[in-house]
Amino acid sequence: MVEFEPKIIAFCCHYCAYAAADLAGIMRMKYPPNVRIIRLPCTGKLDVVYLLKAFENKADGVMVVGCEKGSCHFTSGNLRAEKRVAYAKELLKEVGIEPERLEMYFLSSSMAGRFVQVVNEMTERIKKLGPSLIAKGS
Ligand code: FES
């Protein structure tokens, strides 16, 4: 039997997560290839609609990775994103999709190891959950 390979979308802030992912690549750190990164100027740009659209487009999991609290380059974009992620989790629950499929993380640009860790964490979590309701319907 072929092992389930989840499709995970990671909305990454340009200033931290994207730079950390880049650094992980430069340092030749390995992480699962399941994650597709979408770069944002700040996680504050993220709308709930983008999160839901990712699931609608058959993502099995979605990550939002922003700057550490107190370090957002636009003051509080990461805090706004945190609220939107919490709201999107409620919406997912209402439509029967496990809210654990969506998670927000905070890190800095130098935290390549932490970036790899959260990608591994999320991949393992989604593998345990299996394909999302929408992806299964394909
Ligand atoms: Fe990184 Fe706002 S600039 S989350």
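The values are calculated or read from the model by the stated rules, or taken from the named source; none is laboratory data. Since we're looking at a predicted model, the values are computed, not measured. Reconstructed Cβ throughout: ideal geometry from the backbone, glycine too, with neighbour counts over all protein chains shown.
Can you spot a residue in the stretch 63-84 that is closer than 19 Å to Glu5 by Cβ and buried (at least 22 other Cβ atoms within 10 Å of the Cβ)? If you could, list the steps in order and put the result at the bottom.
As a first pass, look at the stretch 63-84 and keep what is closer than 19 Å to Glu5 by Cβ: 63.
Still in the running and buried (at least 22 other Cβ atoms within 10 Å of the Cβ): 63.
Yes, because at least one residue in the stretch 63-84 is closer than 19 Å to Glu5 by Cβ and buried (at least 22 other Cβ atoms within 10 Å of the Cβ).
Do we have any residue at all in the stretch 23-39 that's within 20 Å of Tyr87 (Cβ to Cβ) and touching a residue at least 24 places away in the same chain (Cβ under 8 Å)? Within the stretch 23-39, one or more residues are within 20 Å of Tyr87 (Cβ to Cβ) and touching a residue at least 24 places away in the same chain (Cβ under 8 Å). Identify the residue in the stretch 45-67 that is assigned to a loop (DSSP other than H, G, I, E, B) and closer than 21 Å to Gly137 by Cα and, among all such residues, is nearest to the ligand (Cβ to nearest atom). Ranking the candidates gives Ala59 first. Would it be correct to say that Gly70 is more than 10 Å from the ligand (Cβ to nearest atom), without any contact (Cβ under 8 Å) to a residue 24 or more places away in the chain and of a type in the set (Gly, Ala, Ser)? Yes, satisfied.
If the condition is being outside any helix (DSSP H, G or I) and either touching a Lys or Arg at 6+ places or on another chain (Cβ under 8 Å) or crowded, with 20+ Cβ neighbours inside 10 Å (or both), then the stretch 110-125 contributes only Met111.
Scanning the stretch 85-138 for residues that are touching a strand residue (DSSP E or B) at 6+ places or on another chain (Cβ under 8 Å) and among the β-branched types (Val, Ile, Thr) yields Val85, Val118, Val119, Thr123, Ile126.
For the stretch 97-109, filtering for residues that are surrounded by fewer than 19 Cβ atoms within 10 Å (Cβ to Cβ) and assigned to a helix (DSSP H, G or I) leaves 2. When every residue of the stretch 101-123 is checked against the conditions, none turns out to be of a type in the set (Val, Ile, Thr), under 19 Å from Ile8 (Cβ atoms) and in contact with a Leu (Cβ under 7 Å, 6 or more places away or on another chain).
Go through the stretch 1-44 residue by residue and tally those that are within 16 Å of the ligand (Cβ to nearest atom), over 18 Å from Asn57 (Cβ atoms) and surrounded by 14 or more Cβ atoms within 10 Å (Cβ to Cβ). Qualifying residue count for the region: 14. Checked against (1) away from the ligand (no atom under 16 Å from the Cβ); (2) at pLDDT 95 or above; (3) within 13 Å of the chain's Cα centre (by Cα); (4) within 21 Å of Lys127 (Cβ to Cβ), Leu92 passes all but condition (3).
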